[in-house]
Amino acid sequence: MENITNQQVGARIANVRGEMKMTQAELASEMSVRLGREFRPLTVTRLEGGKRPIGVDELVAAADALKIKPADLLTDDMPMGSVRIVSAFQSAVRAANELETAVRQWDSAQQRLKDVLGWTSDPAPFVAQKYLERLPAVTRMSVNAATEWTVEEIIAEARNKGGGEDGSSP
């Protein structure tokens, strides 16, 4: 086996981290969890630049955080196809988590709108009606339409708009 330098290991970590679209801060955070001690983004910078030696426990933590085998960081034959698969999977997981959070926020906001309009409590909606009537007609129509929205319709609309990974339109 060849002699592996800190610079080579650091470059491999940087390469995989970049492919995973993970920041140095995110890698440091993941490594901190695995090591049971603080691991700072500056330390990741120094490791990746070969300016700081990497301990065995840190190598294992970095590999685990990057979802690869520690041996992959010690060889030139990096399985980048596998890294790309894991990266795509992690993107899907992150997006699913964000969608779950967004749906919970939307449910809460939708309930609040109905509560403010008096649709879910006594007295009847007539209490809010006088305030609703003070709004411009287009705003009233928008508010009334918003009470009918469903999560499925919002998701369908988002899919129809298409867009990139960040949800923006092309």
Looking at (1) of a type in the set (Asp, Glu); (2) under 20 Å from the mean Cα position of the chain (by Cα); (3) assigned to a loop (DSSP other than H, G, I, E, B), which is the one condition that is false for Glu26?
(3)
Which residue pairs have Cβ atoms under 7 Å apart, sit 6 or more places apart or on different chains, and have a first residue in the stretch 43-55 that is of a type in the set (S, T, N, Q) and a second that is part of a loop (DSSP other than H, G, I, E, B)?
Thr43/Arg52
Could you tell me which of the residues Asp64, Asp72 is more than 12 Å from Val9 (Cβ to Cβ) and acidic (Asp, Glu)?
Asp64
Examine the stretch 110-119 for a residue that is farther than 30 Å from Ser29 by Cα and either small (Gly, Ala, Ser) or touching a residue at least 60 places away in the same chain (Cβ under 8 Å) (or both), and state whether such a residue exists.
yes
So which residues in the stretch 53-97 are within 20 Å of the chain's Cα centre (by Cα) and over 18 Å from Gly18 (Cα atoms), if there are any at all?
Ala95, Ala96, Asn97
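Conditions tested, residue by residue: (1) on the phi < 0 side of the Ramachandran plot; (2) outside the structural domain of Asn15 (by TED's automatic domain parsing); (3) part of a loop (DSSP other than H, G, I, E, B); (4) not β-branched (Val, Ile, Thr).
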position	(1), (2), (3), (4)
Glu30	yes, no, no, yes
Leu42	yes, no, no, yes
Val60	yes, no, no, no
Asp64	yes, no, no, yes
Leu73	yes, no, no, yes
Glu98	yes, yes, no, yes
Thr101	yes, yes, no, no
Asp107	yes, yes, no, yes
Residue in the stretch 1-23 that is surrounded by the most Cβ atoms within 10 Å (Cβ to Cβ), counting only those that are in a helix (DSSP H, G or I) and hydrophobic (A, V, I, L, M, F, W, C)
Val16
The stretch 1-29 residues that are over 16 Å from Glu58 (Cα atoms), paired with ones that are part of a helix (DSSP H, G or I) and of a type outside the set (A, V, I, L, M) (beta carbon under 6 Å, 6 or more apart):
Glu19/Ser87; Met20/Ser87
Going residue by residue through the stretch 77-98, is there one that turns out to be modelled with pLDDT of 90 or more and touching a helix residue (DSSP H, G or I) at 6+ places or on another chain (Cβ under 6 Å)?
no
Only residues that are at pLDDT 90 or above and surrounded by 10 or more Cβ atoms within 10 Å (Cβ to Cβ): list them for the stretch 128-142, please.
Thr139, Met141, Ser142
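The values are calculated or read from the model by the stated rules, or taken from the named source; none is laboratory data. Since we're looking at a predicted model, the values are computed, not measured. Note that we place each Cβ from the backbone using ideal geometry, even for glycine, and neighbour counts take in every protein chain shown.
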